[in-house]
1. Lys112: which aspartates and glutamates have alpha carbons under 13 Å from its alpha carbon, excluding same-chain residues fewer than 8 sequence positions away?
2. Can you give me the pair-distance distribution of region 171-263, C-alpha pairs, 10 Å bins, whole percents?
3. Rounded to the nearest 500, what is the chain's calculated 222 nm mean residue ellipticity when only DSSP H runs of at least 4 contribute -39500 (n - 2.57) each, over all residues?
4. To the nearest 20 debye, what is the magnitude of the charge dipole of the chain about its Cα centre, counting +1 on the Cβ of each Lys and Arg and -1 on the Cβ of each Asp and Glu?
5. Say each of Glu80 and Glu243 gets a label point 7 Å from the Cα, pointing the same way as Cα to Cβ; how far apart are those two points in nm?
6. Dipole of region 171-263 (Lys/Arg Cβ +1, Asp/Glu Cβ -1, origin at the Cα centre): which of Ser209, Cys228, Pro194 lies farthest to the positive side?
7. Run through region 40-107 and list the GluC sites (Glu not before Pro) located in a DSSP loop whose Cβ has at most 16 other Cβ atoms within 10 Å.
8. Rounded to whole Å and sorted largest first, what semi-axes of the equivalent ellipsoid does the C-alpha gyration tensor of the chain yield via the square root of 5 times each eigenvalue?
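Please treat every number below as a calculation from the coordinates, not as lab data. The model shown is predicted, which means the values in this text are computed figures rather than measured ones. Glycine also receives a Cβ, built like all others from the backbone with ideal geometry; neighbour counts cover every protein chain displayed.
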Amino acid sequence: MKLGFIGLGNMAKAMIGGMEKKNMASPLDIIGSAASRETEANMAAEFGIVTTASNAEVASKADILFLAVKPVYLSGVIAEIAENIRQETVIVSIAAGKTIDWIEKAFEKEIKLVRCMPNTPALVGEGCTGVCRNSRVTAEEMHTVMGLLNSFGIASEVPERLMDVVVGVSGSSPAYVFMFIEAMADEAVAEGMPRKQAYEFAAQSVLGSAKLMLETGKHPGELKDMVCSPGGTTIQAVKVLEEMGMRAAVMDAMEACIEKSRSL
């Protein structure tokens, strides 16, 4: 099985790294192209993949073709490769906001299409990817694609109507989490803790809290209550966060993110 990548940026790098680490693909079975020859050379050196300056060559050789380019470049790439796509090729798009219908119309022919939205924690093998497909992708083909996507985190199939919600809750949300970590670390620094140590404490607390919820399956409210001892320090912090509208602020931010995704 030959895997093709058009676009070799950070997300493609994370995906390829995960696939190779989990032995889902051999380096010589991956072919990729990028706008920069330097990027192609770096990816070939780091991962041992085959690279080419021709998007059309990648498209013609791939059994599963990943379109790992930004949404603004997608129409140009599709116009360049449409005639090189074989009937049996499964196309996987990671472009935010570009619907299955939009991509099908851009190709101007029947295609097998999977649309997905990974996120940047894929760079450390902890990605979260929402996935949907068109009717031409078989269950067996989808199983193969999901195996590849699960190699750098977790992947879950959702109705396409929820893909913009996926952008808000996982695609863009690492930025919200990083802001939360930075804010906690800033206050620790203000209270005298060295910055490097403050970042480590804050980040590990977020990592551990997320892992605790995922592994125990407990409701986040229940886990919060476990930390809030009667008359203790934590409940005072929670009170301030509630007074400042933390929940509403996060929900409003996600709403803005989702609406922007819908408008792309």
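1. Asp63, Glu88, Asp101, Glu104, Glu140, Glu141
2. Each 10 Å bin holds this share of Cα pairs: 14, 36, 40, 10, 1.
3. -16500 deg cm²/dmol
4. I would put it at about 240 debye.
5. Between Glu80 and Glu243, the label points sit 5.6 nm apart.
6. Selected residue: Ser209.
7. Glu88
8. Three semi-axes, in Å: 39, 21, 17.
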